[in-house]
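Reviewing the structure listed below.
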Amino acid sequence: MKHFLKENDFTVYEREEIFSRAANFKENRSHHTRSLNEQTWGMLFFKNSTRTRLSFEVGIAELGARTVFLDNNTMQIGRGESLADTAKVFSRYLHGLVIRSYGHEVVEEFSREGSIPVVNALTDFLHPCQIYSDVFTLAEKWGGSGDQLESLKGRKLVFYGDCCCNMANSWIMAASLFGLELVFSGPEAFQPKDQILHLLEQGGLESSYTYEADPLVAAESADAFYTDVWVSMGKEAESDERITQMKPYSVTMKLLSRGNPDSLFLHCMPTHPGLEVTQEVLDSDHAHLFDQAENRLHVQKAILSQLVKPDGLDPTN
Ligand code: CP
């Protein structure tokens, strides 16, 4: 049983297939495929979502299947029923499961205890669907098509702010898998933690990022700038302290002026203008946030098709 819980759950060959299929899905949106023909997928969300929920619901419908949205507050897991029993019950009704949770161990337990494919739609540790979509977006901008993964090799991406959040961790994985030069710039206390370094080690991957405390130095010759919300879901109690510490790492036009003239600004959204990024940057030609958001749809359709694909068959047929 194949799952997508972390960026390296697919082989190089599978990743190439996914990005190629996503480019094809994007080019031929009206040409509906039936790779999830008549299936029913569960969408178990412990956290709020706009883009992820909608892109999966639309994408699964376009693949010929239906979704059931599962709100943990109205289910028995909200009253203490075990994840293991829930996973086994889900597996008797559903063909696959998309989960957004706080702890990464939740998606791991569902994948272990159930018998259907599980997709990580964000945990506090990783956001692999977002990062595949962001990689696709960079390949579109630099290589002309989302499957031109070679175009990422050696490009410099600077990540500002909370460098131990789920998106920062996912960029560490992506930099290693796709050959980007990744630079982190944020408060000393928010550098990558052991958990992500262990994951790299387990996967036999090189950790290929550097850290630069000075945000202007970090920006030198950057090809892409990335930031994420400073106060993630579940961290609201630490809001004031975090904002004070992160303030020097707000992405501004001054920072972008240190990068390459045609540098890209990406953000997974939702944004908080005036905090992690200025409105001026969001309004500039550098920003490509809505392309990122759109690409969630095409890339996730390709991921789901890959997960259900019988070996050796082309799921676009
Ligand atoms: N980027 C992202 O995951 O957006 P949502 O939280 O709206 O799903």
*Matching residues in segment 231-251 - criterion: being part of a loop (DSSP other than H, G, I, E, B) and basic (Lys, Arg)*: Lys235
*Could we say that Ser91 is farther than 30 Å from Ile172 by Cβ, part of a loop (DSSP other than H, G, I, E, B) and of a type in the set (S, T, N, Q) here?*
no
*Determine the pairs where a residue that is touching a residue at least 24 places away in the same chain (Cβ under 8 Å) and among the charged types (D, E, K, R), located within segment 218-245, has a partner that is surrounded by 14 or more Cβ atoms within 10 Å (Cβ to Cβ) and part of a helix (DSSP H, G or I) with Cβ atoms under 6 Å apart, the partner being 6 or more residues away or on another chain.*
Glu220/Arg258; Asp228/Met167
*Restricting attention to segment 2-47, which residues are hydroxyl-bearing (Ser, Thr, Tyr), touching a Phe, Trp or Tyr at 6+ places or on another chain (Cβ under 9 Å) and not in a loop (DSSP other than H, G, I, E, B)?*
Thr40
*Tally time: how many residues in segment 59-88 are of a type in the set (S, T, N, Q), touching a helix residue (DSSP H, G or I) at 6+ places or on another chain (Cβ under 9 Å) and more than 15 Å from the ligand (Cβ to nearest atom)?*
4
*Regarding Phe56, is this residue touching a residue at least 60 places away in the same chain (Cβ under 8 Å), in a helix (DSSP H, G or I) and either out of contact with any helix residue (DSSP H, G or I) (no Cβ under 6 Å at 6 or more places or on another chain) or surrounded by 14 or more Cβ atoms within 10 Å (Cβ to Cβ) (or both)?*
yes
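For segment 28-46, what are the residues that are over 15 Å from Phe110 (Cβ atoms) and either within 16 Å of the ligand (Cβ to nearest atom) or touching a Pro at 6+ places or on another chain (Cβ under 8 Å) (or both)?
If the condition is that a residue be over 15 Å from Phe110 (Cβ atoms) and either within 16 Å of the ligand (Cβ to nearest atom) or touching a Pro at 6+ places or on another chain (Cβ under 8 Å) (or both), then Thr33, Ser35 are the ones that fit.
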*Restricting attention to segment 47-75, report how many residues are out of contact with any Pro (no Cβ under 9 Å at 6 or more places or on another chain), of a type in the set (Ser, Thr, Tyr) and over 15 Å from His298 (Cα atoms).*
3
_The lone exception for Phe184 - which of (1) in contact with a Cys (Cβ under 8 Å, 6 or more places away or on another chain); (2) within 16 Å of the ligand (Cβ to nearest atom); (3) more than 30 Å from Glu17 (Cβ to Cβ) it fails_ = (2)
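A short reminder: the numbers here are calculations on the coordinates, not readings from a lab. Quick caveat, the model's predicted, so the values are computed rather than measured. Because the Cβ atoms are built from the backbone with ideal geometry, glycine has one as well, and the counts that use them run over all protein chains shown.
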